[in-house]
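Structure first, then comments.
What follows draws every value from the coordinates through simple rules; no lab data is involved. Bear in mind that the values here come from a model prediction, so they are computed numbers and not experimental data. Cβ coordinates were reconstructed from backbone atoms using ideal geometry, including for glycine residues, and neighbour counts include every protein chain displayed.
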Amino acid sequence: MLDFYQKNYKAYHEKTFYIDPTSFLAPLAQGLPPEAFVLDVGCGSGRDLVWMKKRGFEVIGFERSPGLAELARDNAGCEVIEGDFETYDFDSILADAIMAIGALVHVPHERFSRVFENITSAIPKNGSVLITLKEGSGSRTDSDGRIFYLWEELKAREMFDTMGFKVCDFSTSVSKTGSGEVWMSYVLEKAG
């Protein structure tokens, strides 16, 4: 996945930056206290950072692709950490909430829990997480060679429950890129 997002960061920015994220960000934003500190993992070129910042939240991004990280810094005017979320020590960050919009779709099912627990170590008990996953079963490879791991709603919900997260909001929507894929959006609360 790294090669695709490094080589194609400008095209990816053009395809995703101008999508209005209100429908999937508002359920998280409505439940946060004013001026909450939000970490956007896999922030891409900063679209969601900009949206949250305009609503008064303190934001920081995390991105693996240097090109996307630079675009996010320019677009959102905030700090963006460059790193790999599978190995980065998220204990060093203390956020009120985490956003992972499409960020974990390339993580194989067998590694997902470990990666998710690493990322969510950045929030305290009762902290919030907004995560989106692609609906389906198994995996699929797109024309660019990217592998997407798909989730069935009940299996995802069971996994979150096992890891100590309560589902506070759930919705589905058809991809705004025109692909016809269905995205599942969860607002989770870390058990207190």
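Look at where the Cα atoms of region 24-89 and of region 131-187 average out, and the two centres are 20 Å apart. In terms of packing, defined here as the mean over residues of other Cβ atoms within 10 angstrom, the peptides 104-117, 63-76 line up highest first as 63-76, 104-117. Converting phi to 3J(HN,Hα) with the Karplus coefficients 6.51, -1.76 and 1.60 and the offset θ = phi - 60°, region 152-157 yields 8, 4, 5, 5, 5, 4 Hz in sequence order, with x at every glycine or proline. Evaluating 6.51 cos²θ - 1.76 cosθ + 1.60 at θ = phi - 60° for every residue in region 127-137, the Karplus couplings come out as x, 10, 9, 10, 9, 10, 10, 7, 7, x, 9 Hz, glycine and proline recorded as x. Taking the DSSP beta bridges with both ends in the chain, the antiparallel portion is around 55 percent. Legend: calculated FRET efficiency, K166 to D89, from the Cβ-Cβ distance at R0 = 30 Å, rounded to 0.05, equals 0.75.
Assign one of three labels to region 40-139, namely rounded, prolate or oblate, based on the Cα gyration tensor with a ≥ b ≥ c the square roots of its eigenvalues; rounded applies when a/c is under 1.5, prolate when it is not and a/b is larger than b/c, and oblate otherwise. Judged from the Cα gyration tensor, region 40-139 comes out prolate (a/c at least 1.5, a/b above b/c).
Descending by average beta-carbon neighbour count within 10 Å, the peptides 183-191, 127-135, 160-168, 142-150 line up as 127-135, 183-191, 160-168, 142-150, the highest first. Only lysine pairs 8 or more places apart or on separate chains count here, and in the chain those with Cα atoms under 25 Å apart total 26.
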